[in-house]
Structures are given as structure tokens and as C-alpha cells.
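The values are calculated or read from the model by the stated rules, or taken from the named source; none is laboratory data. Remember, it's a predicted structure, so these values are computed and weren't measured experimentally. Positions of Cβ are generated from backbone atoms using ideal geometry, with glycine treated the same way; all protein chains shown enter the neighbour counts. Heavy atoms of the whole protein, side chains included, go into the accessibility calculation; ligands, DNA and RNA do not. Shrake-Rupley method; radii C 1.70, N 1.55, O 1.52, S 1.80 Å.
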Amino acid sequence: MVDKDNSRLETLEEYIIQSQNKFPGATGELSQLLRDIGLAAKIISREVNKAGITNILGFDGSKNIHGEAVKKLDLFADQQLISALNRSMITCMVISEENDGIVKLSSKGGKYIVFLDPLDGSSNIDVNVSIGSIFSVYMREPRFDSTLRESDALQPGVRQVAAGYVLYGSSTILAYTTGLGVSVFTLDPSIGEFILSEKKIKMPEHGGIYSINEGSYNSWDPGLKKYIKYCQDEDAETGRPYSARYIGSMVADIHRTLIKGGIFIYPHSKKYPSGKLRLMYECNPLSFIIEQAGGMATDGKKRIMELEPNAIHQQTPIYIGSKKNVQKVMEFLEKHEAVEQE
Ligand code: AHM
Ligand code: MG
């Protein structure tokens, strides 16, 4: 925490070690993994900040497994995170948005499996708008044979042992949870360290901001259309009309939601019948963070973190944010589904 007189700053490294010391049996491996991610985040942040002058903006000419053009910074971030995790030999495999199958690391016996969205919000890279990196950590299931399979990675979000994100915004921040609240760190570029800026963050129970890409309005379910209309209606008691904010980088939209409250929605639509966002490396980790801060995340019916995954790149609709806002949209969805079925 930053002292009032600024005399004592707690770094990410110190904080991780102190948190680990609270668990006498801890091996330190998860702490090392988080430090690895912190290091990769600093390198990516440096590159993001000078992207315009180092010719790293723009496409690299190839397409990723989802058929999207790959930008150079996406690849750079992917490589930095994977090699940081590979170096410390405690992660056996990585699943990343940029790679089709599982990426087996050098330590085949490593006990952690890590999901990555190395550079989220890539359509914002070239226009100098906030982007981020997301990570989600699972324990590998113990097994007698040492082979690594994709199915080892398919665990529901409730089994995450850690998750977090880095946001490359007006400053670079790193937020993570290991299930004991959410801590946020801000990168001080002058000393190259992440400094603790807030711990055990609690988000507002209700917020006056809704965040959704309204361009897809025509293909939304009737319940969602009605809910957005509700957000825009006037009502002094609930502070409506709410404000609309949509950055188009999920990390940035979720960070704002964490701090200011409100709701972020990416529903299913004609273009994305199962939703656009990825369960394992976008929705689960960000749901873990939001839940740890007192918020809520569902796919419109079920809790995101309880969804049973069947594919590593699976997509899901998501309704995430302050508890009261999410409960309200669920009421609308349920009510209008019932009406349609009549
Ligand atoms: P990306 O990981 O390839 O950048 O895509 C995911 C992004 C999210 O960050 C963001 O919420 C969403 O796509 C925006 O999508 P859209 O442009 O359809 O609103
Ligand atoms: Mg993404």
C-alpha cells in the first residue's frame, strides 16, 4: 500500500511473498508463477508504450486460429508470457488465444496449467486505446501417466487457483486474485516496479453504467432489448438513465466496472450465436476477479464459473458486474423468455 507520506511502497514481489508466508505449507510455486506474469507484463507494457515508434503496430500478415488477422503486438505478448512461464518450470501447459492447440512447456511435470489472452482488445492497438492481458491458472489433475492432454485443461472456472489481468491504459495496472480478494498494482515506470495501490477491493453493489456493443441491437433477445431500454429510462430512485460506456477491450471495460460499478454485457447474437468472448481465458478469469470483489457473472442463466467447458476456445455470452445490475438483467431475460414460451 502507498503510505500517506510516500515513504514505503509495497511492490508486487513483496506482496506476493508476504501473502505466501501466510500459508505455512505453501511451496512458493504459485508465487513464482505470478512473479513471472508480472515480469512479462512489464516487458509487454514497455513495448505497448513505444509501439508507434518501433514499427510493431499493424498486422503481421498471418491469421490466428479464429481467422482474425494477427497483429504484431499480439504475437509479441504471447511469446513473452509463454517464455516467462516456461523459464520457471512450474507450468506444464499453456492455452492461449493465439495458439490452436495446447502449448506444452519444457516442464512436463509442472503442476500448473495457464490460460492466456495475451493481448485483449486488439482492434484498439492501432488507435492508442487501452488493451490488456488476461490469465487464468489451474492445478493439473494428478495422474499416473505423464502425458499431457487438452482434456486436463477443461476444468470449470470454480477450480481456478488464481486469475488476473494487466491493463495497459493511462497507466499500466495489474489486478489478481487467488481467492482471497482482489489486489491491484500500478506500474511505476521510473523504478520498473508494480506498486500495491489497493487490496481487497469491493465493487459497488449497484452502478449507473451499462456497457454493450449496441450495434448488434437488432439481433438481441427481446428481454435484453427491454433491459437496455430500462437502463435508458428515467428514474431518480435507481439513478436512471444510466450512462453508456463501451471501450471494446474487455479488460478495460471490466476494470471500469470493477471500480465504478455497473454492468458489462456481451450477449449471443446472429453473428455470434454462442457469444463472442472466450470462456476459459476471458470470461472465467474476469468473473473470478469480479466475484472476489463482490460482483456477479452469468451467461444469462448460469454462473459463468460453474459452466462445464467442452473446448479450450469455447465462447459464451456474458452478463457481468455489480450484483444488483446483473440480477436485474437476469429478471428481464427470464421474464421475456417465459412470455415467448407461452
Ligand atoms: P480480442 O481478444 O481478439 O481482442 O477480442 C475480444 C474483444 C474484447 O476485448 C471486447 O470486449 C470484444 O472483443 C469487443 O468486440 P466487438 O468489437 O464485437 O464489440
Ligand atoms: Mg480477448
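Scan the stretch 310-339 residue by residue and report those that are of a type in the set (Gly, Ala, Ser) and open to solvent by less than 30 Å² (accessible area, probe 1.4 Å). Matches in the stretch 310-339: 321, 322. Across the stretch 292-309, the number of residues qualifying as among the small types (Gly, Ala, Ser) and either within 16 Å of ligand 2 (Cβ to nearest atom) or open to solvent by 20 Å² or more (accessible area, probe 1.4 Å) (or both) comes to 2. Screening residue 227 against (1) more than 16 Å from ligand 2 (Cβ to nearest atom); (2) hydroxyl-bearing (Ser, Thr, Tyr); (3) in the same structural domain as residue 323 (by TED's automatic domain parsing); (4) more than 15 Å from residue 328 (Cα to Cα) leaves a single unmet condition, (4). Just one of the listed residues (289, 312) is assigned to a loop (DSSP other than H, G, I, E, B), over 20 Å from residue 243 (Cβ atoms), within 16 Å of ligand 2 (Cβ to nearest atom) and among the β-branched types (Val, Ile, Thr), namely 312. The test for being more than 16 Å from ligand 2 (Cβ to nearest atom), assigned by TED's automatic domain parsing to the domain that holds residue 286, in contact (Cβ under 8 Å) with a residue 40 or more places away in the chain and crowded, with 18+ Cβ neighbours inside 10 Å holds for residue 263. Across the stretch 98-119, which residue is nearest to ligand 2 (Cβ to nearest atom) among those that are charged (D, E, K, R) and open to solvent by 20 Å² or more (accessible area, probe 1.4 Å)? It comes out as 98.
Take the residues in the stretch 118-147 that are closer than 17 Å to residue 38 by Cα and of a type in the set (Ser, Thr, Tyr); name whichever of them is farthest from ligand 1 (Cβ to nearest atom). My answer is 136.
Scanning the stretch 198-231 for residues being more than 16 Å from ligand 1 (Cβ to nearest atom) and free of Cβ contacts under 8 Å to residues at least 12 places away in the same chain gives a total of 2.
Which members of the stretch 122-135 meet the condition of being in contact with a strand residue (DSSP E or B) (Cβ under 6 Å, 6 or more places away or on another chain) and either outside the structural domain of residue 171 (by TED's automatic domain parsing) or modelled with pLDDT under 95 (or both)? Answer for the stretch 122-135, where residues must be in contact with a strand residue (DSSP E or B) (Cβ under 6 Å, 6 or more places away or on another chain) and either outside the structural domain of residue 171 (by TED's automatic domain parsing) or modelled with pLDDT under 95 (or both): 122, 124, 125. Taking the stretch 266-281 as the range and being in contact with a helix residue (DSSP H, G or I) (Cβ under 6 Å, 6 or more places away or on another chain) and either closer than 20 Å to residue 174 by Cβ or open to solvent by less than 40 Å² (accessible area, probe 1.4 Å) (or both) as the test, the residues that pass are 267, 269, 277.
Considering only residues of the stretch 141-174 that are assigned to a helix (DSSP H, G or I) and in contact (Cβ under 8 Å) with a residue 60 or more places away in the chain, which is farthest from residue 93 (Cα to Cα)? Here the answer is 158.
Here the stretch 231-260 is the region considered, the condition is being open to solvent by less than 30 Å² (accessible area, probe 1.4 Å) and part of a helix (DSSP H, G or I), and the residue that is farthest from residue 202 (Cα to Cα) is 231.
Just one of the listed residues (82, 16) is modelled with pLDDT of 95 or more, crowded, with 20+ Cβ neighbours inside 10 Å and either of a type in the set (S, T, N, Q) or under 29 Å from residue 200 (Cα atoms) (or both), namely 82.
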